[in-house]
Each structure stands twice: as C-alpha cells, then as structure tokens.
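A.B. asks: Starting off with a structure, shown below.
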Amino acid sequence: MKVAFGNDHAGLTMRQILLDELRGRGIEVIDLGARSEASVDYPDIAEKVCQAVAAGQADRGVLVCGTGVGISIAANKIDGIRCGLCIDEYSAVMSRRHNNANVIAMRGREFAPEENRRLLGIWLDTPFDGGERHERRIGKITSLEEYKG
Ligand code: RB5
C-alpha cells in the first residue's frame with residue numbers, strides 16, 4: 001500500500017508518530033506535510049494529498065490539522081475523495097466499513113498521540129463491508145460531485 005501524508009503546522013506534533021506507524025507497517029509514504037512550525041494553510045495540504053489519492057498515485061491519504069475539521073472539509077471538496085474525521089474507534093472503523101473512506105483526517109491538537117496512532121492502525125486494518133446498500137450510498141455521494149445547486 002502507498003499512502004500520501006500531510007499535516008499543517010498544527011499537526012506537527014502528531015506527524016512523526018503517524019509516519020512511524022505507517023512506515024513500521026512497511027507502507028510507502030509520500031510525505032507532503034509541513035516540517036516546521038511555520039504557518040501553512042490546511043486547504044493547500046489537503047489539496048496535495050487528495051490529488052495524489054484521486055490520481056491513483058497513492059491508495060489512501062492521511063491528513064492532520066489542529067482539529068481535523070478544516071482539513072477534512074477541504075479534502076471532501078475534491079472529486080473521488082471520501083475523507084472521514086476520526087477521533088474515536090467507532091468513527092475509524094465505520095468510516096472504512098460503511099463509507100469506504102480513502103482519506104482519514106486526524107486531530108493534531110489537544111489529543112493523545114498514542115491514541116491517534118491506534119486509530120490510524122484500526123483505520124488501515126478495517127476493510128470496506130461492500131454490498132449493494134453501501135455501494136449505492138457511495139454512488140450517491142459520487143453523484144453529488146456533479147451538484148451545481
Ligand atoms: C490552524 O491554526 C488551525 O486552524 C487548523 O490546523 C485547523 O484546526 C483548521 O480546521
């Protein structure tokens with residue numbers, strides 16, 4: 001598996017432990033994240049990572065900003081991306097089982113690094129349930145990419 005990884009400055013403290021988790025699993029990482037505390041804009045990070053996933057250069061994406069909220073909102077603007085913000089085990093499991101999320105957004109501030117590492121592992125290990133019901137709903141999400149209001 002190949003994973004595109006990105007963090008903004010607020011995700012810096014979480015960065016190394018998540019990269020260690022990915023590389024420790026033998027996953028090839030495309031590292032597109034910020035490497036210093038200099039302020040960067042999280043939509044730019046989301047764009048780079050999600051473009052890599054949408055283009056098939058990476059199988060999955062991992063994103064970290066302060067809350068995980070902003071970067072997940074940005075990620076979900078990109079066609080073909082289903083990004084779930086995962087801050088507990090249930091969201092990590094179900095975003096894979098039901099939503100076939102191809103990108104995970106994680107909280108970088110006020111959150112235990114070891115817990116994020118655990119959640120990332122769960123998310124990576126959990127397969128999509130498949131089946132008509134979930135495929136149909138994901139198809140409807142994809143259709144929303146054409147929505148013009
Ligand atoms: C950066 O200060 C912060 O706003 C960003 O990391 C993120 O939390 C936005 O949703």
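The values are calculated or read from the model by the stated rules, or taken from the named source; none is laboratory data. None of the values given here were measured: they were computed from a predicted structure. Positions of Cβ are backbone-derived with ideal geometry, glycine not excepted, and every protein chain shown enters the neighbour counts. Ligands, DNA and RNA are excluded from the accessible area calculation, which covers all protein heavy atoms including side chains. Shrake-Rupley method; radii C 1.70, N 1.55, O 1.52, S 1.80 Å.
A.B. asks: Any of Lys2/Lys140; Lys48/Lys148; Lys2/Lys48; Lys2/Lys148 with alpha carbons more than 22 Å apart? Name them for me.
C.D. replies: In this structure, Lys2/Lys140; Lys48/Lys148; Lys2/Lys148 lie more than 22 Å apart at Cα.
A.B. asks: If I model a spin label at Arg137 and Ser39 as a point 7 Å from the Cα along the Cα→Cβ vector, what separation in nanometres do I get?
C.D. replies: Placing both labels 7 Å beyond Cα along the Cβ direction yields 3.9 nm.
A.B. asks: I would also like to ask the following. Mind checking the dipole of the range 1-95: about its Cα centre, +1 per Lys or Arg Cβ, -1 per Asp or Glu Cβ, Debye to the nearest 20?
C.D. replies: 180
A.B. asks: Where the accessible area of the chain is counted over protein heavy atoms with a 1.4 Å probe, how much of it, in %, is carbon and sulfur?
C.D. replies: Carbon with sulfur: 49 percent of the solvent-accessible area.
A.B. asks: OK, next. Stretch Glu145-Lys48 to full length: gain in nm at 0.36 nm per residue minus the Cα-Cα span?
C.D. replies: Full extension from Glu145 to Lys48 adds 33.1 nm.
A.B. asks: Keeping all protein chains in place, calculate the accessible area per residue for the chain (probe 1.4 angstrom), answer in Å².
C.D. replies: That works out to 51 Å² for each residue.
A.B. asks: Before rounding to the nearest 500, sum -39500 (n - 2.57) across all DSSP H runs of length at least 4 in the chain and divide by the residue total; then give [θ] at 222 nm in deg cm²/dmol.
C.D. replies: That calculation yields -13500 deg cm²/dmol at 222 nm.
A.B. asks: Here is a follow-up. Which loop GluC sites (Glu not before Pro) in the range 43-145, with loop taken from DSSP, have no more than 15 other Cβ atoms within 10 angstrom of their Cβ?
C.D. replies: Those satisfying the criteria are Glu110.
A.B. asks: Residue-wise, which Karplus ³J(HN,Hα) couplings in Hz belong to the range 29-44, taking 6.51 cos²θ - 1.76 cosθ + 1.60, θ = phi - 60°, and x for glycine or proline?
C.D. replies: Here the 3J(HN,Hα) series is 10, 9, 8, 10, x, 6, 10, 9, 7, 4, 5, 10, 9, 4, x, 5 Hz.
A.B. asks: For the range 1-78, rounded, prolate or oblate, judged on the Cα gyration tensor with a ≥ b ≥ c (square roots of eigenvalues), a/c < 1.5 rounded, else prolate if a/b > b/c?
C.D. replies: Oblate shape, in that a/c is at least 1.5 and b/c is the bigger or equal ratio.
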